[in-house]
Amino acid sequence: MIYKNITIEVKEGVAIVKVNRPKALNALNSETLEELKRVPEELENRKDVKVVVITGEGDKAFVAGADILEMKDMDPVQGMAFSSKGHEALSKIENMGKVVIAAVNGYALGGGFELALACDIIYASDKARFGFPEVTLGIHPGFGGTQRVSKLVGLAKAKELIFTGKMITAEEAFNLGLINKVVPHDELMEEVFALAETIKGCGQIAIKLAKECVGKSLSLSIEEGLKLEAANFGLCFGTKDQKEGMTAFVEKRKPVFKGE
Ligand code: DAK
């Protein structure tokens, strides 16, 4: 597929997706959101892609938010359409059947923070900054931030972040439990590839099924969640990967999973 504001490079089973509008600090305009929506559709069924990494082009920003220049003159109907486009793109990323890692290489603000939160795991450079500056612009987070953050950090911290618009460091985001790891800026991609390598060596169908269970755990009752877990656990036993994983354990060798 041809993209204007996104690049995709596939290397040894890892797709590196870069938001590529460095002059606007990779801000998300409608066109980019439309392209971001197509990325999971393209990568979902590619056998040669096991893990997806999302990052930003350049040295300064992951994504500095939704595009303010584009939003400036929107009316309510256009605002809602824009927000829906964002929800659709981020939901597709969140619900991909592959692990998606956000490699946050700089500013992750507003819609950029929300994009990172739609990923499964967030690794950040020690130079990264996170925040929801929307209220300083007279709007509020619109790509799921008001819903996802409180589930991660509780209402008090979510309200403080959203009502003040203040930026926090990667270290602070880590301490709040919003991100998985902070690494020296120059080692970010190396650390992300090491993480991807570990994930790549595991059973990909099991990961996909587990991702569904964990993803739905916040919205299902415990009874519903356990039913889903039991069903997906059962499905693992219909895969060649389960046979291979357990046979390899018994034979004291490394398993070779084929994602079948
Ligand atoms: N949109 C468009 N352009 C942006 C941008 C953005 N979000 N962020 C930066 N840029 C552009 C700047 O305008 C500048 O362009 P030129 O002037 O060079 O043409 C270029 O990127 C470099 O930025 P700066 O010169 O400002 O760089 P600094 O290092 O001085 O500052 C900064 C970096 C990240 C602190 C600063 O650029 C900044 O504060 N940027 C804005 C960050 C922000 O407020 N992000 C949140 C955007 S609002 C909703 C749907 C969606 C959303 C909400 C509601 N519904 C419809 C309900 C989501 C909203 C957002 O994400």
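Checked against a 18 Å cut-off, the cross-linked pairs LYS50/LYS127; LYS92/LYS216; LYS11/LYS98 give Cα-Cα distances beyond that limit for LYS50/LYS127. The magnitude of the dipole of region 190-260, with charges of +1 and -1 set on the Cβ of Lys/Arg and Asp/Glu and taken from the Cα centre, is near 280 debye. Computed from backbone phi, the HN-Hα couplings of region 7-16 come to 10, 10, 10, 10, 9, 6, x, 10, 9, 9 Hz, rounded to whole numbers (Karplus: 6.51 cos²θ - 1.76 cosθ + 1.60, θ = phi - 60°; Gly and Pro given as x).
Once Rg and the Kirkwood radius are both taken over the C-alpha atoms of region 197-260, their ratio Rg/Rh works out to 1.05.
Between region 1-59 and region 134-155, the C-alpha centres lie 24 angstrom from each other. Placing unit charges on the Cβ atoms only, positive for Lys and Arg and negative for Asp and Glu, gives region 94-156 a dipole magnitude near 60 debye about its Cα centre. Among residues other than GLU172 with Cβ under 11 Å from its Cβ, the summed charge is +2 (Lys and Arg +1, Asp and Glu -1). Rounded to the nearest 500, the 222 nm mean residue ellipticity of the chain from helices alone is -14000 deg cm²/dmol, with -39,500 (n - 2.57) taken per DSSP H run of at least 4 residues. Counting only the Cα atoms, the chain fills a convex hull of 138 Å³ per residue. Dipole magnitude for the chain: computed about the Cα centre from +1 point charges on Lys and Arg Cβ and -1 point charges on Asp and Glu Cβ, it is near 480 debye.
All Cα-Cα distances of region 1-152, cut into 5 Å bins from zero to the largest, leave 2, 10, 20, 25, 22, 13, 6, 2, 0 percent in each bin in turn. Roughly what angle does helix 30-44 make with the longest principal axis of the chain, taking Cα atoms, 0 to 90 degrees, to the nearest 10? That helix lies at roughly 0 degrees to the long axis. For region 236-248, the Karplus equation 6.51 cos²θ - 1.76 cosθ + 1.60, evaluated at θ = phi - 60°, returns couplings of 4, 6, x, 9, 5, 4, 5, 4, 4, x, 7, 5, 4 Hz by residue, with Gly and Pro reported as x. A full extension of the chain between ASP75 and MET1 corresponds to an added length of 23.5 nm, given 0.36 nm per residue minus the alpha carbon distance. Taking the longest Cα principal axis of the chain as reference, the axis of helix 155-164 is set at about 40 degrees.
Read-outs: derived from the displayed coordinates by stated rules, not from any lab. Predicted model, so just to flag it, every value in this text is computed and none were measured. Using ideal geometry, Cβ is built from the backbone for each residue, glycine included, and neighbour counts are taken over all protein chains shown.
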